[in-house]
Each structure stands twice: as C-alpha cells, then as structure tokens.
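These notes are about the structure you will find just below.
Bear in mind these aren't lab numbers, they're just calculated from the coordinates by the rules spelled out. Everything quoted here is computed from the prediction, not taken from an experiment. Positions of Cβ are generated from backbone atoms using ideal geometry, with glycine treated the same way; all protein chains shown enter the neighbour counts.
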Amino acid sequence: LTFFDGVTDAEMNEYIQFVKDGVAQEPSTRGVAGAVKKAIVKAVKFMVKHVNVIPSKKVRNAFKKYGGKIVKVFDTLDTWTWYGIARALTAVGVPDNVADLIADFIIEYLL
C-alpha cells in the first residue's frame, strides 16, 4: 500500500507478527466477551509502547505524535469500523489525514 511508505506487505506482516507475539507475552484477562476487541486494544498499546519498530515512517510518526490519543480512543471505542475509528480519532484532536492513515493501518493489518 503506497500510503505506508512503500513498505511491502511482507514487511508489514512481519511487523504485525511481532506485535501479536509481543501481545501474547503480556498477561491476559479471562472471558470470551469482547476478546477480539481486547486483543486489538492490547495490540495498539503494544505498538505505541514499541513505536520505533513500526516499519512505515508515516505510521510510526503518527503513533509517536498521537500515541496517547490513539490509546485513549481504543480504550473507549464503540464502533469498530474504518469510519468509527477515524471519526473517534478526529474527535480527540487527531488531524483528519492522520486519523485516516491510522484507521487504514488498523483495518488493513489488525482487524
């Protein structure tokens, strides 16, 4: 995808595997309800914590600059669609173009 700085799908998939492996090492909570949402929230928090290994410079810079807002949104997100993610990010002050980039990334690689 061109908006990810020419990073190949293979490189991005390798990074996502790194995120999944990292999240798997963290303590988990019990219960099936909302397990996918909890996993995505944990993945987003892991990505913010380990921001320097995101292969795409654009995505990395967005997570560096707006990491706290991204985490806040995902902790309280109700609508798990591209539109819901992007609008929730803009509601907390993330610029439209950055919110769209983050939503694209989350939908393409995490959901």
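Data overview
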| read-out | value |
| --- | --- |
| Estimated distance in nm for a label pair at VAL53 and LYS37, the labels positioned 7 Å out from Cα along Cα-to-Cβ | 2.8 |
| Whole-number Å³ per residue for the convex hull built on Cα positions in the chain | 94 |
| Residues of region 39-67 with amide N under 16 Å of a point placed 7 Å along Cα→Cβ from PHE18 | 43-64 |
| In the chain, lysine pairs with alpha-carbon atoms under 16 angstrom apart (chain gap of 8 or more, or interchain) | 21 |
| Sum of -39500 (n - 2.57) over DSSP H runs of 4+, divided by residues of the chain (222 nm, nearest 500) | -21000 deg cm²/dmol |
